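To start, the structure itself, in structure tokens.
Values quoted throughout were computed directly from the atomic coordinates according to the rules given, and no laboratory measurement underlies them. Just so it is clear, the model here is predicted, and its values are computed rather than measured. Cβ placement follows ideal geometry from the backbone for every residue including glycine, while neighbour counts extend to all protein chains displayed.
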Amino acid sequence: MATPVDSANLILKLYELRREETMRTARNFMLGFDPRSVEDYMAAVTGPNSGHLRMVTSYWEMAASFVNQGAIDASMFDDCNGEHILVFGKLEPILGDLRVKFGNPGMFANLEKVCLSAPGGIDRVRSTTERIRGFIAASKAASGGQ
């Protein structure tokens with residue numbers, strides 16, 4: 001089990017990685033990405049933003065694996081991060097279908113476990129997703145739909 005200092009150091013390293021320019025671009029893409037079906041996901045994963053999608057989802061899957069393996073304290077991780085909840089919230093409604101499509105029953109399993117075992121679980125995931133969708137819609141409306 002990680003000490004508080006070990007957890008803090010890994011969380012800070014994860015934060016540093018999120019500041020990298022390509023990762024920032026990928027995270028911005030992910031914020032606006034709103035897949036409603038496996039087809040939406042497949043269009044993104046085979047389109048020009050494929051690298052962005054794969055970068056963000058694999059990053060949060062990796063970070064969640066650190067939590068699940070005890071390298072980062074789950075409570076500290078939850079206190080310091082929220083983006084993983086949004087990423088999982090975008091995938092959660094289609095996760096079963098994605099697992100079938102890719103023939104991978106463990107696809108995003110680490111991210112799922114971290115998000116569902118955190119305080120509020122699935123309700124928190126879904127409310128966060130809906131709140132962010134509302135912010136994005138309001139922002140698009142305010143900018144004239146751009």
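Observations on the structure shown:
- A protection proxy built from the mean count of other Cβ atoms within 10 Å ranks the segments 74-83, 54-63, most packed first, as 54-63, 74-83.
- Cα extents of the chain along the three principal axes, largest first (Å): 48, 37, 30
- Our summary gives the range 4-139 a relative contact order of 27 percent, counting only alpha carbon pairs under 8 angstrom and 6 or more residues apart.
- Cα gyration tensor shape of the range 44-123, rounded if a/c is under 1.5, else prolate or oblate by comparing a/b with b/c: prolate
- Lysine pair count for the chain (Cα-Cα distance under 24 Å; residues 8 or more apart in sequence or on different chains): 5.
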